[in-house]
Amino acid sequence: MSDALRQTPELVTLTVNGSVHQVQLDSRTTLLDALRDHLELSGTKKGCDQGACGACTVLLDGKRIVSCLVLAAQCEGREVTTVEGVTVDGRPHAVQEAFCRHDALQCGYCTPGQVMSAISLLAEGRAGSDDEIREFMSGNLCRCGAYPNIVAAIREVAGQEATSR
Amino acid sequence: MRGFEYVRATDVGSAVALVSGDPGASYLAGGTTQLDLMLKDAVVPQGLLVDIGRLPLRGIATDGDVLRVGALTTMEELAADPVVAERVPFVSEALLAGASTQLRNMATIGGNLLQRTRCRYFRDIAVTDCNKRTPGSGCAAVTGAARMHAILGASAHCIALHASDLCVPLRALDAEVRVEGAAGQRTIAFADLHVMPGERPDVETVLRHGEMISEVLVPLLPAGTRSGYLKVRDRVSYEFALTSAAAALSIEDGVITLARLALGGVGTVPWRATEAERVLVGAPATARTFLAAAEAAIQDPFTVPGTEFKVELAKRTIVRVLRTVSGEQS
Amino acid sequence: MTALDRVDAPLKVSGSAPYPSDFTLPDQVHAVLVQSTVAAGRISAIDTTAALAAPGVLAVITHENAPPLADLPMTPLGAPPRFPFKDDRIIHCGQHVAVVVAGTHEQAASAARLVQVSYETAKPVLDLDDPRAEVVDNGWGMEVDVGDAEAALSSAEITYEETFDIAPEANNPLGLFTTLASWDSDRLTVHDCSQWPIMTRQALATAFGLPESDVRVLVPYLGGGFGAGLRAWSHTLLAALAARVVGRPVKLVLTRPQMFTSVGHRARSRQRLRLGMTGAGRLVAIDQESTAALGAEEDNFSAVVLGTPHAYDCPNVATHDRQVRLNIPNPGFMRAPGHAEGNFALESALDELSYRVGIDPVELRLRNFAEVHPQSGLPWSSNALRECLQVGAERFGWRDRSPVPRSTRDGNWLVGYGMAGVTFGWYAAPCRARLSILASGTAVLKAAATDIGTGTYTIAAQQVAELLGLRVDQVRVEIGDSDLPPAPQSGGSGLAVALTGAIQVAAANLLRALLDEVAADARSPLRGRRLDEVTASDGRLHLIDDPAVGEKYADVLARHGLDELTADGELDLAAAAADAGVAPAGAFAARFAEVRVDEDLGLLRVTRLLSVVDGGRILNEKTARSQIIGGTVMGIGMAMFEEVAFDHATGRVANATFGDYLIPVNADVPDLDVVFVGGPDAFSPTGVKGLGEVGVVGVPAAIANAVYHATGRRIRSLPITIDQLM
């Protein structure tokens, strides 16, 4: 094997919410399973494990991704942010507070993913209208159907007035 | 059974050498297809996975009238590129019509070109009849619950759809792909990249084992050419196309002087509507012309009960995109 | 009507609400299921050698080596699912055939693929019309036969007969159903996605021959259920069995594809509806007959035609419910079972008749309003359906529409309005609640109820706070634990009624106990007072007439050396209903939809949807509204997207992923307008009516009726897809 190639990692170093963790992992372990099963960060949820529901959304180097379709090993040296890492000085993120106020959740299972996606959406500058919010939040399924309240929560944070559909 | 091994490549040459030298090895880029198929659906056997995610193949550069897109550029990055938005806007539209932001932040342009079909009969290993997985085993989808399946380039051997949105405008633009292999570099015309299933649906591209797409060359449209991508699907968002069409038109004095048209949601490969383009060029930009083009585009479809509606839907999709791009008010 | 923020929202938005799959126990190992790839036949051989030899594997359990389990008991919602490891028979594709237990999830998943199962296959029965299929009548007494529908139909001025088809739908809660089972000698604890911990406890206790007190079912939070958590599914038993076999805690998480075959679904159904009507638009006969799919050897309590008999004033009503045994995964309950389907047929038919008799659809419903309960003749405990229709029509701008189909166009879009009336059923089950006041003066409520996203935590806390005069944050609600006082399931839209009622009884008992405590207490200003003389506010009990005379709970408890004072409350509304002299009512509603249809491309978009709902007293407008919008979104899915595609040759689910089985996404849902009308229900002790399911009902009909108004095209099958509209 070429020197240019690193051997299969067994010990993976992950930087999650600013903390560095070294974990012994099966090379098949996804970031999602590493977070949930090895780092005791169960806020990130598994809803399909196929990249289709968005419940496992986290930020990787500041961009939202689905953590079920990336190996933990792929994330070495990159910054992972989960729902546990978005509070500011112990206070909830503005998106989290808005979700509470607007009842933008019901069973709450998709909610951490929705929150992470919404935080990212705002950073992407894609909360300019209700339609834009709807479109760019469509990768996060909510079977309880909280969508209108999710839109309202994000709209509020974005400081946008409701625009007609 | 061989084990699952993960290595992270640090340069192109050694990555190519590693995969080329191991028949069970494959590249891992964005992972949105490969990990799904390998880890979740077990359609692709577990073997050596060479992570090329950090190779220096990422970025977009303008080179005259060609956009050079590094294969590891993400879908989101390309969609946001200002030159794309200005010169080939239908590429950006197609990108943003596909997947979700999360997936577009992961999936790479090279990977998008090589994405595997979404056919559930292919992706469910409990299904034994799949010529794409096991040549000669048959096709369960042909007699099964087909909907998200192909009607062009399809046959009783395979109706698996090439579901990429991005590939539709790239096919219309005559893009090219640069490929790195053990035997060196080569450039493949987009038209030649994907292979029609014929009797060997398992062969999907002309790439040899170990070859890696390093760059996609996207010709930019001449100034004044308008383009658009229309995707028809059940949901408003986040669904593969039932039908789609990418069109680019130049119109002078009401007459079409340049026409490019490609279709998605209907082909076993990204589908260029060459006959339709012939109808369009030199003809007046009218509804009648667009209808004639649509008729010319869908030749000899192979349908099954669940896909019959796509013949008409594809034609109407073509008419609509042409009307929109031509600026005709409906 | 208050609009308090959901009390568990901070936990949920921070990812710290613990769902069954979030628990991890010391020494925990992982189980993965192997499922049948054929729909009928038997297992001829099952080779587990390779799987057993795979790294980390601890056990592979199959029907050949599984310790026997006792048959599960009957439940108030019908027979339990068949346990698949009883024998070698295969009755549906996706039937569990083996459980692989290994140290890690990756090892178990990998080894599960090495289990070699050989089948002796039989030709599966998969079609409702297959002559080989066994047809069974509804055995649950849900059919109605009043008057003489047949005779009334033959003499009616106007008659109607059509057939309606509804595709099978999968509940698909976002939370993958999980069981984490652990044994402590002969005591079993499971974290399980149950909407009914008491039922799951009984099932596990029976299966493993344990006293119920030795089984504990925990589900403080559930990632949705929509009816999927109302049965003791076999994966729950298998996880407990696996934990017993390996002697370690076992976590079993279903995959998304397994969710399509393991936890029930809304059965495929076909209804034939015949109506008789006078020229003035009065219904004279309803005959509604349904045929629905059923598992090959299982039962499904759920009838299809449920709401029709009491929906409108009609003297002659007959409903028939039959089920066809097929080699498919057993259907089960899915939000508003029966009501959602039956309403689609009835309300579509009324819409069709409105055009035939030339009476506005809203007016047609009003003309047939049931002043009293149609079968019993008793007055309703509440019924604001008329108000729902009138308020809705006004608010929606119904009268502005041109009644002529295909008359409104906007560019490529045809625009249409449609509406539907909704009469939901009434359901109640016995409930107990335990209420305590602690030395700190705060309160704790305990009941084995669940909060599946409905807001149980919140409304229970509000109710306790109100009755005991406390702030909501002074009330702790403990639910989701079968060790707590028995409460009914989250299902049937009966929990809110039963639980708030039981809380009311418990609160009265608790205050009475407090007064008893101070009856001879010379230092208590409340000495010798009766319950009807006092009320509570600001954490103290005081005289109604003189608020200054009273004292704090904390003071009473401190003086009497009590850590807590506790009382139970029990309520059995079903029993009370028998001689109540009224017909207990469920929710009523009217739905108004505006759709746009692009006929060229077959596109259908819902652009406005108004729900006017009579839910009795609304305890919390926020969570109540969320129930309605959530149900509406599921109704949009039913109307436009959802269909479990069973391969007609093999019985395999051909779209068992979220990429292929389409549920509404954010972009499919417009702002949804919800208005509550009506007042407190007269029979429900708290005036509350259930709202969990009514939100679905009527949405498909309103959309289909709007599609007709937009296009002139009547669609009687769901979902309404592009190919039907282009």
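The values are calculated or read from the model by the stated rules, or taken from the named source; none is laboratory data. As the structure is a prediction and not an experimental result, all values here were calculated from the model. Backbone-built Cβ (ideal geometry, glycine too); neighbour counts: all protein chains shown. Accessible surface is based on the protein model in full, side chains and every heavy atom, while ligands, DNA and RNA are left aside. Shrake-Rupley method; radii C 1.70, N 1.55, O 1.52, S 1.80 Å.
How many residues, within the stretch B:84-98, are closer than 16 Å to B:ARG226 by Cβ and either crowded, with 20+ Cβ neighbours inside 10 Å or touching a Ser or Thr at 6+ places or on another chain (Cβ under 6 Å) (or both)?
10
Would you call C:THR607 hydroxyl-bearing (Ser, Thr, Tyr) and more than 30 Å from C:SER440 (Cα to Cα)? Don't jump to the end; show me each part of the working.
Working: hydroxyl-bearing (Ser, Thr, Tyr): yes; more than 30 Å from C:SER440 (Cα to Cα): yes.
Spelling it out, C:THR607 is indeed hydroxyl-bearing (Ser, Thr, Tyr) and more than 30 Å from C:SER440 (Cα to Cα).
Just to be sure, is C:THR632 in a helix (DSSP H, G or I) and of a type in the set (S, T, N, Q)?
So C:THR632 fits the description; yes.
Name the strands (runs of 3 or more DSSP E) wholly within the stretch C:1-113 that hold at least 2 residues that are open to solvent by less than 10 Å² (accessible area, probe 1.4 Å) and β-branched (Val, Ile, Thr)?
Per the criteria, C:57-62, C:96-102.
Can you run down the residue pairs with Cβ atoms below 8 Å, 6 or more apart or on separate chains, where the first is in the stretch C:520-546 and assigned by TED's automatic domain parsing to the domain that holds C:VAL475 and the partner is among the aromatic types (Phe, Trp, Tyr) and open to solvent by less than 90 Å² (accessible area, probe 1.4 Å)?
The qualifying pairs are C:GLY539/C:TYR553; C:ARG540/C:TYR553; C:LEU541/C:TYR553.
Do we find that C:THR607 is of a type in the set (Ser, Thr, Tyr), more than 9 Å from chain A (Cβ to nearest Cβ) and open to solvent by 20 Å² or more (accessible area, probe 1.4 Å) in this structure?
Criteria not met by C:THR607.
Condition first: in contact with a helix residue (DSSP H, G or I) (Cβ under 9 Å, 6 or more places away or on another chain), of a type in the set (A, V, I, L, M, F, W, C) and farther than 29 Å from C:GLY698 by Cα. Can you find one or more residues in the stretch C:518-528 that meet it?
yes
Taking the stretch C:187-211 on its own, how many of its residues are open to solvent by 30 Å² or more (accessible area, probe 1.4 Å) and either outside the structural domain of C:LEU238 (by TED's automatic domain parsing) or within 13 Å of C:LEU238 (Cα to Cα) (or both)?
Matching residues across the stretch C:187-211 total 0.
Working only within the stretch C:412-440, note down all residues that are within 14 Å of another protein chain (Cβ to nearest Cβ) and open to solvent by 40 Å² or more (accessible area, probe 1.4 Å).
At the first step, the residues of the stretch C:412-440 found to be within 14 Å of another protein chain (Cβ to nearest Cβ) are C:412-415.
Once the filter is applied, which keeps residues that are within 14 Å of another protein chain (Cβ to nearest Cβ) and open to solvent by 40 Å² or more (accessible area, probe 1.4 Å), the stretch C:412-440 yields C:ASN412, C:TRP413.
Testing B:ALA154 on (1) open to solvent by less than 10 Å² (accessible area, probe 1.4 Å); (2) under 18 Å from B:VAL203 (Cα atoms), one condition comes back false. Which one is that?
Failing condition for B:ALA154: (1).
Can you tell me which residues in the stretch C:572-595 are surrounded by 19 or more Cβ atoms within 10 Å (Cβ to Cβ) and of a type in the set (Asp, Glu)?
Within the stretch C:572-595, C:GLU594 is the sole residue that qualifies.
Name the pairs: first residue in the stretch C:312-329 and within 27 Å of C:LEU350 (Cβ to Cβ), second residue among the β-branched types (Val, Ile, Thr) and assigned to a loop (DSSP other than H, G, I, E, B), Cβ to Cβ under 7 Å, at least 6 apart or on different chains?
Note: pairs meeting the criteria are C:VAL317/C:VAL144; C:ALA318/C:VAL144; C:THR319/C:VAL144; C:THR319/C:VAL305; C:ASP321/C:VAL304; C:ASP321/C:VAL305.
Tell me the helices (runs of 4 or more DSSP H) entirely within the stretch C:329-396 that contain at least 2 residues that are open to solvent by 20 Å² or more (accessible area, probe 1.4 Å) and more than 22 Å from C:ILE628 (Cβ to Cβ).
Counting at least 2 such residues, we get C:339-357, C:361-367.
Does the stretch C:661-671 contain at least one residue that is hydroxyl-bearing (Ser, Thr, Tyr) and within 20 Å of C:THR408 (Cβ to Cβ)?
Checking the stretch C:661-671: not a single residue is hydroxyl-bearing (Ser, Thr, Tyr) and within 20 Å of C:THR408 (Cβ to Cβ).
Within the group C:ASP598, C:ASP614, C:ASP647, which residue is under 19 Å from the mean Cα position of the chain (by Cα), open to solvent by less than 10 Å² (accessible area, probe 1.4 Å) and more than 10 Å from chain A (Cβ to nearest Cβ)?
On the way: C:ASP598 fails: under 19 Å from the mean Cα position of the chain (by Cα); C:ASP647 fails: under 19 Å from the mean Cα position of the chain (by Cα).
Step by step, each of C:ASP598, C:ASP614, C:ASP647 is checked, and only C:ASP614 is under 19 Å from the mean Cα position of the chain (by Cα), open to solvent by less than 10 Å² (accessible area, probe 1.4 Å) and more than 10 Å from chain A (Cβ to nearest Cβ).
Quick check on my filter: what residues within the stretch B:47-70 are open to solvent by 30 Å² or more (accessible area, probe 1.4 Å) and either among the aliphatic types (A, V, I, L, M) or at pLDDT below 95 (or both)?
B:ILE60, B:ALA61, B:VAL66
Within the stretch A:21-61, count every residue that is open to solvent by 10 Å² or more (accessible area, probe 1.4 Å), of a type in the set (S, T, N, Q) and either within 18 Å of C:SER16 (Cβ to Cβ) or at the interface with another protein chain (Cβ under 9 Å from one of its Cβ atoms) (or both).
3
Against the condition within 13 Å of chain A (Cβ to nearest Cβ), touching a residue at least 12 places away in the same chain (Cβ under 8 Å), crowded, with 24+ Cβ neighbours inside 10 Å and under 20 Å from the mean Cα position of the chain (by Cα), how does C:PRO700 come out, does it pass?
Answer is no for this residue.
Name every residue in the stretch B:1-16 that is assigned to a helix (DSSP H, G or I) and touching a strand residue (DSSP E or B) at 6+ places or on another chain (Cβ under 6 Å), in order of residue number.
Listed by number, the residues that qualify are B:VAL12, B:ALA15, B:VAL16.
Can you name every residue in the stretch B:109-137 that is open to solvent by 10 Å² or more (accessible area, probe 1.4 Å), assigned to a loop (DSSP other than H, G, I, E, B) and within 9 Å of another protein chain (Cβ to nearest Cβ)?
Within the stretch B:109-137, B:ARG118, B:ASP124, B:ILE125, B:ALA126, B:THR128 meet the criteria.
Write out, first by first residue and then by second, each pair whose Cβ atoms fall under 7 Å of each other, whose residues are 6+ apart or on separate chains, and whose first residue, in the stretch B:223-235, is within 10 Å of chain C (Cβ to nearest Cβ) while the second is open to solvent by 10 Å² or more (accessible area, probe 1.4 Å) and of a type in the set (Ser, Thr, Tyr).
Taking only residues 6 or more apart or on different chains, the pairs are B:LEU230/B:THR324; B:ASP234/C:THR721.
Residues that are of a type in the set (D, E, K, R), over 24 Å from C:ILE61 (Cα atoms) and in contact (Cβ under 8 Å) with a residue 40 or more places away in the chain, at least 1 per element: which helices (runs of 4 or more DSSP H) completely within the stretch C:129-246 meet that? I'd like the intermediate steps shown before the answer.
Details: elements: C:149-155, C:197-208, C:234-246.
The qualifying helices (runs of 4 or more DSSP H) are C:149-155.
Is it fair to say A:ALA34 is among the aliphatic types (A, V, I, L, M), in a loop (DSSP other than H, G, I, E, B) and either assigned by TED's automatic domain parsing to the domain that holds A:GLY125 or modelled with pLDDT of 95 or more (or both)?
Answer is no for this residue.
Among the candidates C:ALA443, C:ALA498, C:ALA460, C:ALA447, which residue alone is touching a Cys at 6+ places or on another chain (Cβ under 6 Å), surrounded by 23 or more Cβ atoms within 10 Å (Cβ to Cβ) and either in the same structural domain as C:GLU621 (by TED's automatic domain parsing) or within 29 Å of A:ALA104 (Cβ to Cβ) (or both)? Break it down into steps so the answer makes sense when it comes.
On the way: C:ALA443 fails: touching a Cys at 6+ places or on another chain (Cβ under 6 Å); C:ALA460 fails: touching a Cys at 6+ places or on another chain (Cβ under 6 Å); C:ALA447 fails: touching a Cys at 6+ places or on another chain (Cβ under 6 Å).
Among C:ALA443, C:ALA498, C:ALA460, C:ALA447, only C:ALA498 is touching a Cys at 6+ places or on another chain (Cβ under 6 Å), surrounded by 23 or more Cβ atoms within 10 Å (Cβ to Cβ) and either in the same structural domain as C:GLU621 (by TED's automatic domain parsing) or within 29 Å of A:ALA104 (Cβ to Cβ) (or both).
Where in the stretch B:17-108 are there strands (runs of 3 or more DSSP E), lying wholly inside it, with at least 2 residues that are more than 9 Å from chain A (Cβ to nearest Cβ) and closer than 19 Å to B:ILE213 by Cβ?
On the way: elements: B:26-28, B:48-51, B:60-63, B:66-70.
Filter on the stretch B:17-108 gives B:26-28, B:60-63, B:66-70.
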